[in-house]
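Report on the following structure.
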Amino acid sequence: MVLMLTLLPAILLALRVAAGPVLVEDSFISLPISRRFNFTGPAQLCRTTSRASTPPRRAASVGVGSPATTYSLIVDTGSSNTWVGATQKYVVTSTSTKTTQAVSVSYGSGSFSGTEYTDQVTLASGLVISKQSIGVASTSSGFDGGTLTKSTSTLIPTVTDNLFSQGTITSNLIGISFEPTTTEDDVNGSIAFGAPIARSSPALSLLPTRWAFFDTPKDGTTSILASTAGIVDTGTTLIYIATNAFTKYKSATGGVADANTGLLKITATQFAALKNLNFVIGGVTYALTPNAQIWPRSLNTAIGGTASSIYLVVADWGSNSGEGLDFINGYAFLERFYSVFDTANKRVGFATTPMYNLVDRDLA
């Protein structure tokens, strides 16, 4: 079985305010990441299976141009491209070069079109990427940011690629760390460029991407999905699994579809009986405890839910196993594990952190 994935560590540009100062340690760069909500109307987290429809964003503050204009960047391992200007206007400076390439991207819940530029990108003082390819939106709908598509036959270096090739970092990889949050705007993570593992993280399991995601979610001891392929994506909020697996998960949890949020809703009694959801990746089991499987109750009303209800973060991908991707492990998975994306060696890795069973859901 072949993994249907090309993992190129990347940053997807969008708007918002500064996330805080960049931290420089040893031979890698650590950039704070904020979780922010971006609702434009009544909130329903699972309106579609489109990854872009989920409103919470993981954003980091970065400068573009010289003098730099600060943009908030959506940290998105599911895209290898970068663009700005959807809502916050792109500022042309002495380092900005307009190309002849038009760009256009459509999603299930939005689109953008514009022009490709190359420009200087600044992560911190003295940590500068020259001639980074970016898309500059002239029109957009439904998004703060998007992706840049130049040509299907042309390879465009990512932010991480250029940091490595220009000698800013010594390894072409990134490490991403999140923590669960109960607020709508919270600096709750970091992205380390060139770092194989954060100092505070335990042993890391690194696996080749061509087989790393043979993944078997298990609810306790009951298998709900055979070994298969999928992706890990910081740009997706929930955990999506194939419809046939989701049906088994729904039955095992007793969850009922909630019309307001699109999520499964369970009772307090059902939560008390909830088992671990285990993901077996490369022979290593990564357990989502009951606390890790539910949406933060303090944020229930932000997604159109009831404050006292309990919602699950596992959702239906919309197609059965074998008809495409069988799962997407999004932010709900990644906030419990430290993750590393190693472009040079085509590997991805995870490590358990103290957050894997953190009771932050106001249920303790």
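We did not get these values from a lab; they are worked out from the coordinates using the rules stated. Given the structure is predicted, the values throughout are model-derived calculations rather than measurements. As a convention, Cβ positions derive from the backbone with ideal geometry for all residues, glycine included, and neighbour counts pool all protein chains shown.
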Most exposed to least, judged by fewest other Cβ atoms within 10 Å, Arg336, Arg347 sort to Arg347, Arg336
Taking 0.36 nm per residue of separation between Leu155 and Thr70 and subtracting their Cα-Cα distance, the length gained on full extension comes to 28.0 nm
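Where does each of Glu323, Glu179 land when they are ranked from fewest to most other beta-carbon atoms within 10 angstrom?
On the way: Glu323 12, Glu179 18.
Fewest-to-most ranking of Glu323, Glu179: Glu323, Glu179.
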With R₀ set to 30 angstrom, the calculated FRET efficiency between the beta-carbons of Ala252 and Thr87, to the nearest 0.05, is 0.10
So for R0 = 56 Å, FRET eff. of Glu323-Ser94 from the Cβ-Cβ r, to 0.05, ends up at 0.65
The range 314-353 scanned against label point 7 Å out from Ser223 along Cα→C-beta; backbone N under 18 Å for 321-323, 326-327
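Say R0 is 25 Å: what FRET efficiency, to the nearest 0.05, do Ser130 and Asn345 get from their beta-carbon distance? If you can, show how the numbers build up before the last one.
Numbers: r = 26 Å, r/R0 = 1.02.
It comes to 0.45.
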Karplus-derived 3J(HN,Hα) from phi for the range 305-316 (6.51 cos²θ - 1.76 cosθ + 1.60, θ = phi - 60°), whole Hz, x at Gly and Pro, runs x, 9, 4, 8, 7, 10, 10, 8, 9, 8, 10, 7
re the range 211-321: pairs of Cα atoms spaced beyond 22 Å account for a percent value of 29
